[in-house]
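The values are calculated or read from the model by the stated rules, or taken from the named source; none is laboratory data. Here the structure is a predicted model, which is why all the values come from computation and not from measurement. Quick reminder, even Gly has a Cβ in these numbers, built from the backbone with ideal geometry, and neighbours come from all protein chains shown. All accessible areas refer to the heavy atoms of the entire protein, side chains included, with ligands and DNA or RNA removed. Shrake-Rupley method; radii C 1.70, N 1.55, O 1.52, S 1.80 Å.
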Amino acid sequence: MTAPLAALRDIGHGFGSGAQRRAVLRGITLDLHAGEFVALTGPSGSGKTTLLTLLGALRVPEEGDLRLLGQDLRGLDARALGALRRRIGFVFQRHHLLRSLSVLENVEAALHGQPDADPARDRAAALAMLEAVGLGGRGADSTARLSGGEQQRVAVARALVRRPALVLADEPTASLDGRSGRAVVSLLADLTRGRDCAVVMGTHDERCLDLVTRRLHMEDGVLKQG
Amino acid sequence: MALARFAALLAFRQLRHRALASLAALAGVAVAVMLMLVQVGFRNGLYDSALALPRALAADLVLVSPGYRALTFSPPWFPRAALRDAAGVAGVAETASLYAYSSQVRSPETGANLSVWLLGIDPAARVLDLPEVVAAQRALSVPETALLDRLSRQEFRAVVDQVTREGLARLPIYAPSADLAPVVTVRGLFTLGPSFTIDGALLVSDLTLHATLGVPLDRVSIGLVRLEPGARPDAVAAAIAARIEGRARVMTRAAYQEEERHFYASRTPIGVIFNVGLLVGVAVGVVFILQVLNGLVDANLPEYAVLLAQGYRPAFLAAVVAQAAVAIALVTYLPALGLALGVTGAASGITRLPIGLHPGDMAMVLALSLGMAAVAAGLAMLRLRRADPLELFG
């Protein structure tokens, strides 16, 4: 079996200090492997978001060991965490596309920060990714001309165009109607299938859970297999 | 390189995207820059008008009274004997005297008193290197004859027109000590330009000046010294200073002009006011640029946070803000320059002062605009700290 993309061992994390301290994650142990599409469910305040931010190298856990894409998160400085994040794709609840750029430029923007950026190759990759999310021919459009579902599909293209090893999606269907939401999750599943990539999707949306390969449920900062 | 290009593209596009929302603040930046340019134009009017006469002096060295501060109104005099002594110093080719007194003339049109400089020269001496003066100054040998500066203020327009049309015009001089106002006959025009303090200039012979105002001719306002070819101005100035023993101050032509400029720049309220006005323009410009940049950052905080989540470094966002600031400075500069040229041109036409902008001033204000942009960008970058990827999670 190949090494996990993310290996979490007895992770604990909290906020505040002293009497005000509140533990948000407790004893989380988890391996994530390439090819998995994981749904992370649980009520609000259960720790889903904190776990996603740890997996996104946006935070370093206070307790336990977290190896992400082969690197121990502890001891990495801001620059190294930034470099690590370039191998992770993010899809948020809202698309947060750059409104002043075209659809194609938004997708390309994900590639400019890469150390091996090549304008011609990046443009070809961005066009191919737009084609893959069903927005081929819309590259020159302003993002304002797209529907909410289409904008979220551009966000998916932006997250996947770098061929990330790990994709983190935080409530990607929350601001979409049922049909558009399912289409977006379907797209995520289709485009990551067969790649050396894992997807973790924090969600409340029960209608999309049939599309995932594994369910994890959180309650009070504790992880339970679904 | 691709990253730098992307930062420039993003800065430009985001500015353009918010152009309408930022229109008032962008107009504010343009107005602030225009005010800076106009201040500089007015300051130039002050300096250039003050230096018009010093620049016209046909001299390598200049002698003035020890109490002399600047060529305003009636400068203090020094004894002509000192100039005679200077003429005997090795290296001096010739000397000449200029008498400068402020007085008043009565407008033939309105009867109002107008301030005027009465400049007295020996009609046979080379005093002013102004072509029209050189050509006509012999005529000043005729008593009560004068030449009038054609750039004197509008109030002299009727006299200038009359001289142009008829070849002469009579002008009464206000002389409180005389029973009847002496009258000079203007028989020609020359080009010098008014100053901030004096409405016009009349050139007469030293004898006419003496007859009109009763000023003794052994009291010289400005002494002019021309050197022999090859003589070193500094060395001759030192030798003259030693010879005249403190009865006058001696300066090179360049030092004299610089002293005049410095007087207006730092010793008069008006020079200080222009400089303060320039600084106020800078401060107002910084505030307006900051307003545009803060609006830009606030409108794009979540998007910037996404870029940080994608691995972009905070320095990239700082570069976007910095380039937006530079773009604001450049985009607002051209309309500001156009407006400023219009305003200074109109002011120059009305006042006849040499109000205007030199290429160096335009470059200086552009540099100040870029400086304003740098300060505003530095302040706006503090706001970038609020771009936090963690805030993107529900």
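Odds and ends about this structure:
- Test: residue in the stretch A:155-170 that is modelled with pLDDT of 90 or more and over 19 Å from A:Phe37 (Cα atoms): no
- Residues in the stretch A:104-122 that are in a loop (DSSP other than H, G, I, E, B) and under 18 Å from the mean Cα position of the chain (by Cα): A:Gly113, A:Gln114.
- Picking from residues in the stretch A:82-103 that are part of a helix (DSSP H, G or I) and open to solvent by 20 Å² or more (accessible area, probe 1.4 Å), the one that is farthest from the other protein chains (Cβ to nearest Cβ) is A:Ala83.
- Of the residues A:Ala128, A:Ala144, A:Ala157, the single one that is more than 11 Å from chain B (Cβ to nearest Cβ), part of a helix (DSSP H, G or I) and open to solvent by 20 Å² or more (accessible area, probe 1.4 Å) is A:Ala128.
- Taken over the stretch B:234-267, the criterion of being hydroxyl-bearing (Ser, Thr, Tyr) and free of Cβ contacts under 8 Å to residues at least 60 places away in the same chain is satisfied by B:Ser266 alone.
- Residues within the stretch B:324-358 that are in a helix (DSSP H, G or I) and under 12 Å from B:Asn44 (Cβ atoms), tallied: 4
- The residues on offer are B:Glu260, B:Glu303, and the sole one that is of a type in the set (D, E, K, R), within 14 Å of another protein chain (Cβ to nearest Cβ), buried (at least 19 other Cβ atoms within 10 Å of the Cβ) and assigned to a helix (DSSP H, G or I) is B:Glu303.
- Scanning the stretch A:161-191 for residues that are over 15 Å from A:Phe92 (Cβ atoms), buried (at least 19 other Cβ atoms within 10 Å of the Cβ) and not hydrophobic (A, V, I, L, M, F, W, C) returns a single hit, A:Arg162.
- In the stretch A:76-93, the residues that are under 22 Å from A:Thr203 (Cβ atoms) and of a type in the set (Gly, Ala, Ser) form Cβ pairs under 9 Å with partners that are open to solvent by less than 10 Å² (accessible area, probe 1.4 Å) and in a strand (DSSP E or B), at six or more places apart or across chains, as follows: A:Gly89/A:Leu166; A:Gly89/A:Val167; A:Gly89/A:Leu168; A:Gly89/A:Ala169; A:Gly89/A:Val199.
- Contacts under 7 angstrom Cβ, first residue in the stretch B:272-289 being of a type in the set (Gly, Ala, Ser), partner part of a helix (DSSP H, G or I) and open to solvent by 20 Å² or more (accessible area, probe 1.4 Å), 6 or more apart: B:Gly277/B:Gln39; B:Gly281/B:Leu35; B:Gly281/B:Gln39
- Hits in the stretch B:93-147 - residues which are at pLDDT 95 or above, open to solvent by less than 10 Å² (accessible area, probe 1.4 Å), over 21 Å from B:Ala70 (Cβ atoms) and of a type outside the set (A, V, I, L, M): B:Thr145
- From the list A:Arg79, A:Arg59, the one residue that fits, being assigned to a helix (DSSP H, G or I) and within 13 Å of another protein chain (Cβ to nearest Cβ), is A:Arg79.
- Boolean, A:Arg21 is of a type in the set (D, E, K, R), at pLDDT below 90 and surrounded by fewer than 21 Cβ atoms within 10 Å (Cβ to Cβ): yes
- Each residue in the stretch B:320-340 was checked for being open to solvent by 40 Å² or more (accessible area, probe 1.4 Å) and in contact with a Gly (Cβ under 8 Å, 6 or more places away or on another chain), and 0 of them qualify.
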